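Reviewing the structure listed below.
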Amino acid sequence: MITTKELRNKYLDFFKSKNHTIIDGACLIPENDPSILFTTAGMHPLVPYLLGEKHPGGVRLANYQKCIRTGDIEEVGDNSHLTFFEMLGNWSLGEYFKKEAIEMSFEFLTKELGIDKSKLAVTVFAGDDDAPKDEESYEVWKSLGIPEERIAFLGKEDNWWNPAGPTGPCGPDSEMFYWTGKEDAPKVYDPKDDKWLEIWNDVFMQYNKTDKGTYEPLKQKNVDTGMGLERTVAILNGYDNVYEVDTIKPIIEEVTSLVDDKENIKAIRIITDHIRAAVMIIGDDRGASPSNVDQGYVVRRLIRSAIRRSREVGASEDCISKVAKKVIEVNKDIYPEINNNRQRVLSEIKVETEKFSQVLGKGEEMIKEYIKDGKIDANEAFQLYTTYGFPIEEIQRLGVEVDMEGFQKQIKEHQDLSRKGAEQKFKGGLADHSEETTKLHTATHLLHAALRMVLGEHVAQKGSNITADRARFDFSHPEKLTDEQKEEITNIINNIIDSKLPISHTEMSVEEAKNSGALGLFNQKYGDKVKVYTVGSGDKVFSMEICGGPHVENTGDLGTFRIKKEQASSAGIRRIKAVLE
Ligand code: SER
């Protein structure tokens, strides 16, 4: 038997003994990358270093990292997918490469974990137009005693790590599989035999995927490895599913004790998984609250889907909050932040549970009105969904028939419209191109940079609206600004105005813009080339931002900046109204 704590400690101790610096894991909500909602792998917070920046911990790093993957959410309830999981990882930043990485992986598996090599198989990249066949990894595995029949060459779908966002470091990988069957492992590895389960992935990051979808060689050849903690513990212990693992079992037992229908394993697993993930997201130090946008929307969906399942299995009213408490209890030693943020976690979950219960109540009343011959039509289902957020599955669960085809059609039309709206919104947010709006537009760039200097780099623009009289600027920040902060921000901006810094712009690719540190809404679709506006020049650059313009030529043209109002815009988003006098 091995516990999650034992595996984590063994891993970190092993890589420490191989001269790796153990670094802290990052927050679940990425700090400098609006192109993705959550940290999905240990390598993600390390992207700048994989691209060549120096890491203070050196060139050999290892850690454990909280991860959220929502891509697999529909699979949750099966034996192996979890929305929240922990990843163990080690990295070489331009130092060791394939040979040493594979040798260390092999040593850890066979010596530290004592796995017999007869239970191991591996895969390596087969090669294609973008990158050659990985003969080198193949030879290393063979030299370690893995027989040829246990090494498979597979294509990009299996043996290539792609960046989480559209661009970034990537490359071929080599995956390690463990034989979970009761009988002896077959001599020849068969990738289709699901008794071979993946336990670790060594990625050889030597390319950068550009925004044109091409691969260019990176300045340095890196190694990025990732081992899913819960899944590996389950496999090593011979469990047939991840819910048996020491950090999840108490939660699933709690859920089971709170529901009537104890046979509905899938629903019980979904409640366990979703509340576990919701607690980790809300309780993160950059935590998000349930809302209708971004990370908040994911939390909302997780909680609401858990509530729906809890109704399906006849759970008590307080089931969700009891499960949340259990999640905190089980995980607080390793993730103390969820306990430090306990009050917030529990109150957000309570509020969301109440809100959803109102939605359901209201929706059920409306259904009674809409229902004709045991059916409701697409318009009305759509109405319930968009106006009240009433889940369509709930209508079906009540035994009411819905015109699903018509409903899906309306949803699609609705989404197309919102997308067009969003494109419009991000075109610039300028009401016109008068001198006044142009000045205020430049002022918002100064404001954006000053907010990040004073409040921290978590501040990101969430919207802006500029008229001739004032600029309105929305940004992510969890709390009200103090008078001192407002004063500091105002002073910084007025100093920049007094310094009469020039404003210039250049065109570059999104990738170049991102690498140069320009701010931008990286989750927006930009064209091939973007304009980057720079305030200042040489070593006196104050701000760089992707933007369509227009801007004034010199900050000296702006007058005096003043914050007129600072208020909440929505959960986790603040709004500043500012003027130039
Ligand atoms: N990035 C790779 C993965 O997530 C290895 O860490 O599998």
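Here are a few things to note about the model shown:
- In the stretch 181-229, the qualifying residues are those that are of a type in the set (S, T, N, Q) and assigned to a strand (DSSP E or B), and the one that is farthest from the chain's Cα centre (by Cα) is Gln220.
- Count - residues of the stretch 74-92 that are more than 14 Å from the ligand (Cβ to nearest atom) and either modelled with pLDDT of 95 or more or open to solvent by less than 30 Å² (accessible area, probe 1.4 Å) (or both): 4
- Glu149 being more than 11 Å from the ligand (Cβ to nearest atom) and either open to solvent by 10 Å² or more (accessible area, probe 1.4 Å) or within 26 Å of Tyr96 (Cβ to Cβ) (or both): yes
- Residue match in the stretch 317-338 (condition: surrounded by fewer than 18 Cβ atoms within 10 Å (Cβ to Cβ), modelled with pLDDT under 95 and part of a helix (DSSP H, G or I)): no
- Verdict on Leu519 being under 18 Å from Gly549 (Cβ atoms) and open to solvent by less than 50 Å² (accessible area, probe 1.4 Å): yes
- Scan of the stretch 118-146 for residues that are within 23 Å of Asp193 (Cα to Cα) and open to solvent by 10 Å² or more (accessible area, probe 1.4 Å), ordered by number: Ser118, Lys119, Ala126, Gly127, Tyr138, Lys142, Gly145
- For the stretch 229-237, the criterion of being open to solvent by less than 30 Å² (accessible area, probe 1.4 Å) and among the acidic types (Asp, Glu) is satisfied by at least one residue.
Each row is one residue, and each column tells you yes or no for (1) in contact (Cβ under 8 Å) with a residue 40 or more places away in the chain; (2) surrounded by 21 or more Cβ atoms within 10 Å (Cβ to Cβ).
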position	(1), (2)
Trp179	yes, yes
Lys182	no, no
Lys192	no, no
Asn201	yes, yes
Phe204	yes, yes
Tyr207	yes, yes
Asp211	yes, no
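- For the stretch 9-34, a residue qualifies if it is surrounded by fewer than 18 Cβ atoms within 10 Å (Cβ to Cβ) and either more than 27 Å from the chain's Cα centre (by Cα) or basic (Lys, Arg) (or both), and the qualifying residues are Lys10, Asp13, Lys16, Ser17, Lys18, Asn19.
- Scan the stretch 164-196 for residues that are among the hydrophobic types (A, V, I, L, M, F, W, C) and away from the ligand (no atom under 14 Å from the Cβ) and the total you get is 4.
- Set Asp273, Asp240: member being away from the ligand (no atom under 16 Å from the Cβ), modelled with pLDDT under 95 and within 30 Å of Phe15 (Cβ to Cβ): Asp240
- Residue in the stretch 335-358 that is more than 26 Å from the chain's Cα centre (by Cα) and not polar (S, T, N, Q) present: yes
- Residue in the stretch 224-234 that is of a type in the set (A, V, I, L, M), away from the ligand (no atom under 16 Å from the Cβ), closer than 30 Å to Asp173 by Cα and touching a strand residue (DSSP E or B) at 6+ places or on another chain (Cβ under 8 Å) present: no
- Residue check, Glu511 open to solvent by 20 Å² or more (accessible area, probe 1.4 Å) and either out of contact with any Ser or Thr (no Cβ under 6 Å at 6 or more places or on another chain) or farther than 24 Å from Asn554 by Cβ (or both): no
- Annotation note: Cβ proximity below 6 Å between a residue of the stretch 152-163 that is closer than 23 Å to Leu50 by Cα and within 14 Å of the ligand (Cβ to nearest atom) and a residue that is modelled with pLDDT under 95 and in a strand (DSSP E or B) (sequence gap 6+ or interchain) occurs for Trp161/Cys170; Asn162/Cys170; Pro163/Cys170; Pro163/Lys209.
- Gln220 satisfies every condition listed in (1) within 16 Å of the ligand (Cβ to nearest atom); (2) within 20 Å of Trp160 (Cβ to Cβ) except (1).
- When residues of the stretch 161-177 are limited to those that are outside any loop (DSSP other than H, G, I, E, B) and either open to solvent by less than 20 Å² (accessible area, probe 1.4 Å) or among the β-branched types (Val, Ile, Thr) (or both), the one modelled with the lowest pLDDT: Gly168
- Conditions (1) surrounded by 18 or more Cβ atoms within 10 Å (Cβ to Cβ); (2) within 16 Å of the ligand (Cβ to nearest atom); (3) of a type outside the set (Ser, Thr, Tyr): number failed by Pro48: (1)
- Within the stretch 437-470, tally of residues that are outside any helix (DSSP H, G or I) and of a type outside the set (S, T, N, Q): 11
- When residues of the stretch 285-300 are limited to those that are within 20 Å of Glu394 (Cβ to Cβ) and in contact with a helix residue (DSSP H, G or I) (Cβ under 8 Å, 6 or more places away or on another chain), the one modelled with the lowest pLDDT: Asn292
- When the stretch 242-274 is filtered for residues that are within 11 Å of Arg309 (Cβ to Cβ) and outside any helix (DSSP H, G or I), the ones remaining, listed by number, are Val259, Asp261, Asn264.
- Residue satisfying all of: in the stretch 199-212; touching a Gly at 6+ places or on another chain (Cβ under 8 Å) and near the ligand (Cβ under 10 Å from one of its atoms); nearest to Ala234 (Cα to Cα) among these: Trp200
- The residues of the stretch 277-305 that are in contact (Cβ under 8 Å) with a residue 60 or more places away in the chain, outside any helix (DSSP H, G or I), surrounded by fewer than 22 Cβ atoms within 10 Å (Cβ to Cβ) and not hydroxyl-bearing (Ser, Thr, Tyr), listed by number, are Asp285, Arg286, Val293.
- Among residues of the stretch 35-45 being away from the ligand (no atom under 12 Å from the Cβ) and hydrophobic (A, V, I, L, M, F, W, C), the one that is nearest to Glu216 (Cα to Cα) is Ile36.
- Leu61 vs. criteria closer than 30 Å to Ala278 by Cα and within 16 Å of the ligand (Cβ to nearest atom): yes
The values are calculated or read from the model by the stated rules, or taken from the named source; none is laboratory data. Here the structure is a predicted model, which means the values were calculated and not measured. Cβ atoms come from the backbone with ideal geometry, glycine included; neighbour counts cover every protein chain shown. Calculation scope for accessible area: heavy atoms of the full protein, side chains included, ligands and nucleic acids excluded. Shrake-Rupley method; radii C 1.70, N 1.55, O 1.52, S 1.80 Å.
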